[in-house]
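The values are calculated or read from the model by the stated rules, or taken from the named source; none is laboratory data. All values derive from a computational prediction rather than experimental measurement. Glycine gets a Cβ as well: all are built from the backbone with ideal geometry, and neighbour counts include every protein chain shown.
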Amino acid sequence: METLKNKILVEGTIIGSEILKVDSFLNHQIDINLFNEIGKEFKERFARHETTKILTVEASGIGIACIVAQYFGNIPVVFAKKHEAANLDSDTYEADVFSFTKNKNYKIRASKKYINSEDKILIIDDFLANGNAALGLVEIVRQALAEVVGVGIVIEKAFQDGRSRIEKEGIKVESLAIIKSIKDNKVVFK
Ligand code: 5GP
């Protein structure tokens, strides 16, 4: 996806040696035209796989998942919640996730009402680093005895080991921009 790669090069900034900040189009302000291209591209890449729902995690995954879902025939989007709240159903699937950007563990939860054993689920997220968020979502799908269709990622950092950890589970990973390395404050694509 050339548009996405160009936007990363022009608008992205690097924090430290491993974190890419793309607030101008993905994580704070949202570029709807780009999100529509992302939706189309994921539909093409997973065209052969029947998909009944999209699962993501709050917050940045939600906007992406909602637009992607429109290209899959308006299938429902479920997002796992990161915070326990009085208004969350008590009967939930849960997984522990280690946050790469926050350097701490947190729990993600999804109500048992919204994922069932008949579901074929596409997992969508903004970034893939070490794969903890995506594997937490895989864990939730498996607890529901549902099927994981695959994992769709907008930006993968290939110098971290997320892809191999997910593929080891026998799950297909599709990323729209793959960063090979970050050198001298610049992104190098694969
Ligand atoms: P993982 O769980 O694969 O280690 O990290 C993926 C999650 O951490 C994503 O959901 C994303 O929110 C966040 N993340 C990891 N690396 C980056 C990064 O370089 N930039 C941004 N903006 N978020 C990241």
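So here's what we get for this one:
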{"item": "Qualifying positions in the stretch 34-61 - free of Cβ contacts under 8 Å to residues at least 60 places away in the same chain, over 21 Å from Gln143 (Cβ atoms) and within 16 Å of the ligand (Cβ to nearest atom)", "result": "Leu34, Phe35, Ala59"}
{"item": "Verdict on Val187 being touching a residue at least 24 places away in the same chain (Cβ under 8 Å), out of contact with any Asp or Glu (no Cβ under 9 Å at 6 or more places or on another chain) and not charged (D, E, K, R)", "result": "yes"}
{"item": "Checking Glu118 against (1) of a type in the set (D, E, K, R); (2) assigned to a strand (DSSP E or B); (3) farther than 27 Å from Asn36 by Cβ, the condition it does not meet", "result": "(2)"}
{"item": "Criterion: at pLDDT below 95 and under 20 Å from Ser17 (Cβ atoms) - qualifying residue of Asp184, Asp89, Asp161", "result": "Asp184"}
{"item": "Qualifying residue in the stretch 136-146 (condition: touching a Lys or Arg at 6+ places or on another chain (Cβ under 6 Å), of a type outside the set (A, V, I, L, M) and more than 22 Å from Ile67 (Cβ to Cβ))", "result": "no"}
{"item": "Residues that are more than 13 Å from the ligand (Cβ to nearest atom), aliphatic (A, V, I, L, M) and at pLDDT 95 or above, drawn from the stretch 1-32", "result": "Leu4, Leu9, Val10, Ile30, Ile32"}
{"item": "Checklist (1) closer than 21 Å to Ala133 by Cα; (2) surrounded by 15 or more Cβ atoms within 10 Å (Cβ to Cβ); (3) among the hydrophobic types (A, V, I, L, M, F, W, C) applied to Ile8, failing item", "result": "(1)"}
{"item": "Residues located in the stretch 86-105, provided they are away from the ligand (no atom under 11 Å from the Cβ), among the charged types (D, E, K, R) and more than 10 Å from Gly136 (Cα to Cα)", "result": "Asp89, Asp91, Lys104"}
{"item": "Single match in Ile121, Ile108, Ile67 (criterion: crowded, with 20+ Cβ neighbours inside 10 Å and within 16 Å of the ligand (Cβ to nearest atom))", "result": "Ile108"}
